[in-house]
Amino acid sequence: MIKQKTIEQIISTVKVEEVIEDFVPLKRRGVNMIGNCPFHDEKTPSFTVSPAKNIYKCFGCGKAGDSVRFMMEHDAMSYPESLRYLANKYNIEIEETVNTAEEQAVKELTSSYYIINEFAQAYFENSLFNTNEGKSVGLSYFKERGYNESIIKKFGLGFTTSDKNDFTKTAVSKRYNTDFLKKLGLTSQYDNDFFRSRVMFTIHNMSGKVIAFAGRTLSQDKKTPKYINSPETDIYNKRKVLYGLYFAKQSIRKEDECIMVEGYTDVITLHQYGIENAVASSGTSLTVEQINLVKRFTPNIKIIYDGDAAGVKAALRGLDLVLEQDMNVRLVMLPDGEDPDSYLKKVGIEEFRKYLKEKEQDFLFFKTTLLLSEAGDDPIRKSKVLKDIVQSIAKIPDNIKKQLYIQKCSTMMGISEEILIGETNKVIKANRKQQKFQQNRNEAHHIDDSAFLNQPKQPHGTQIGPAKQIVTGDDYQEKDVLRVLISHGNQLLKPDSDVLVCAFIINNVKDEIPHFDNFLVKTMFNMAVEQFETSGKINVNAFASSDDDHIRNLAIDFLANPYSYASWEEKGLQFQTQKEPEHNQEKDAIQSIKRFLFRKQGKRIEQLEAKIKELSVTPGSELDLVRYIKAHKIVQSQRTKMAEELGTVFIK
């Protein structure tokens with residue numbers, strides 16, 4: 001695990017604008033920089049980078065964060081991978097904590113697997129280009145498919161000769177662990193090569209590391225399986241992998257669409273012809289894990305099917321999963337007997353693109369048309385079609401989208417919207433009932449984690465669930481004080497003072513934190529108090545780079561400003577009667593605290609009045625009643641004075 005000291009060094013050293021400019025052209029606009037957002041398609045730039053605050057925010061799609069978060073979002077890196085990337089960019093030496101013996105063993109095992117796979121890929125590539133059998137069989141096959149050397153090397157294609165154990169002998173001679181070779185599926189239990197006389201396809205993970213292989217036979221013997229694959233290991237789970245995604249992810253984001261095909265060769269051909277947003281599920285049905293991989297880059301999937309109606313119909317059964325993940329699915333069916341590889345080569349890239357655009361259909365409409373054509377005029381079969389379509393519509397989480405599908409499908413099926421809505425609601429109700437039953441069953445067995453999957457975690461493990469983030473009467477005032485604390489906390493309250501804004505706010509607000517109504521704001525205030533008591537200041541990076549989406553997004557909303565004031569000075573325009581907002585921390589802090597306390601005093605007065613009313617009818621409570629009346633008078637007087645200072649008129 002990377003030490004906290006190293007993480008802090010990386011975050012403090014890295015300049016967000018330098019990192020982002022590697023991927024996005026930015027233009028200076030006052031104190032900020034602006035460019036077209038890399039996370040959504042836009043013509044008018046709304047992606048703002050603040051070098052002073054070391055953050056970015058898109059005011060179009062809402063994506064925001066620091067340099068670490070940018071690399072995580074842009075290149076789909078994990079948190080440690082992003083830190084390592086930035087450390088390497090800025091030549092920062094990474095210090096790591098000492099792992100337990102078990103953790104170290106797992107880490108070493110994983111590293112060994114990657115190292116062996118890298119060796120295997122290099123061996124297969126060498127066999128392809130530098131052995132007689134590789135050149136005459138493997139390389140000839142790839143060239144017949146139209147692959148150039150550049151695309152062959154990009155995708156790590158290779159070849160294994162007919163020698164029964166040359167790879168294994170070579171690996172062992174270089175002291176690679178035989179047990180590991182067997183676990184990775186490179187060597188058989190009899191110490192022979194698992195892959196023999198096959199062209200090889202390398203499978204990469206999202207970071208580009210080699211995690212598995214697929215070998216295709218060129219033999220015409222029908223008893224020989226066409227493809228054999230690596231087994232699942234600690235680094236390879238086929239449910240969580242899409243072939244070609246490492247090479248396609250940038251193009252998917254740019255095009256805002258992922259093209260899904262069936263096979264390895266289809267992906268490679270499309271990439272060579274410039275359609276680089278293509279991936280494959282490698283012959284397996286789409287899984288939730290694979291869908292969510294795509295969802296990190298785009299909500300739009302276009303699936304290309306070979307011209308086989310029976311195969312398409314079978315594949316449609318699994319696509320409800322995609323709808324369930326709130327993805328937009330379009331299908332393209334190629335002419336009979338064609339696959340993407342063959343059809344593209346047959347008609348050329350321009351005609352192929354044109355065909356995809358003209359023939360694409362929405363998944364649900366495609367499914368409805370296909371099933372209705374098979375049902376004909378048979379009322380029983382049509383009723384089954386209705387139930388099938390309703391099952392799909394019920395999976396859609398977005399209510400507006402759901403309603404639009406109901407309108408269109410009701411017209412296509414010749415059924416009233418009311419009936420379709422009624423049937424859909426029945427399915428939704430039944431699904432919820434089933435989910436509730438399963439949830440109760442899981443809770444009874446103490447194994448249910450699902451309720452926490454979409455909830456962010458606090459540093460101490462407390463869950464911040466959406467249900468607790470209730471907007472109350474004090475929500476605005478609480479957020480505004482937090483805004484000043486995070487935006488100006490480490491600035492001096494006054495130029496001639498040694499008091500920081502964070503000290504001023506915390507000392508005035510600390511006693512009220514337990515009474516905050518907004519759970520998220522309370523959490524962030526407690527974090528700030530802990531930081532202040534530890535170091536005497538606020539760690540803004542801890543908020544802006546938090547793993548907790550709620551904390552990070554709210555902090556960056558406070559820090560990011562869509563307006564730039566510095567450019568006004570460049571044009572000879574200046575504030576004449578007040579300081580620029582970036583330097584108005586004293587007034588901002590005082591006003592926000594006063595309005596916050598004014599609001600809290602109002603609630604305290606209400607509580608005192610309720611207690612006075614209760615005591616006034618309770619025998620023997622005269623002394624307590626007098627005490628509460630005096631307290632009410634004091635708080636009321638304080639609130640009246642504060643109202644005068646704020647210029648607020650209130651009736652009470």
Sort out which residues of the range 6-38 are among the aliphatic types (A, V, I, L, M) and part of a strand (DSSP E or B), and write them in order of number. MET33, ILE34
Yes or no: SER410 modelled with pLDDT of 85 or more and surrounded by 15 or more Cβ atoms within 10 Å (Cβ to Cβ)? yes
Given the conditions (1) over 24 Å from LEU242 (Cβ atoms); (2) touching a helix residue (DSSP H, G or I) at 6+ places or on another chain (Cβ under 7 Å); (3) in a loop (DSSP other than H, G, I, E, B); (4) not charged (D, E, K, R), and given that TYR190 satisfies all but one, which numbered condition is not satisfied? (2)
Give the range 229-247 a look and list any residue that's crowded, with 16+ Cβ neighbours inside 10 Å and within 15 Å of LYS182 (Cα to Cα), or say none. ASN229, SER230, THR233, ILE235, TYR236
Could you name every one of the helices (runs of 4 or more DSSP H) located completely within the range 76-145 that has at least 2 residues being modelled with pLDDT under 90? 79-89, 101-130
Strands (runs of 3 or more DSSP E) completely within the range 251-356 that count 1 or more residues being aromatic (Phe, Trp, Tyr) and assigned by TED's automatic domain parsing to the domain that holds LYS63: none
Only one of these conditions is not met by THR48: (1) at pLDDT 90 or above; (2) in a helix (DSSP H, G or I). Which number is it? (2)
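The values are calculated or read from the model by the stated rules, or taken from the named source; none is laboratory data. Remember, it's a predicted structure, so these values are computed and weren't measured experimentally. Because the Cβ atoms are built from the backbone with ideal geometry, glycine has one as well, and the counts that use them run over all protein chains shown.
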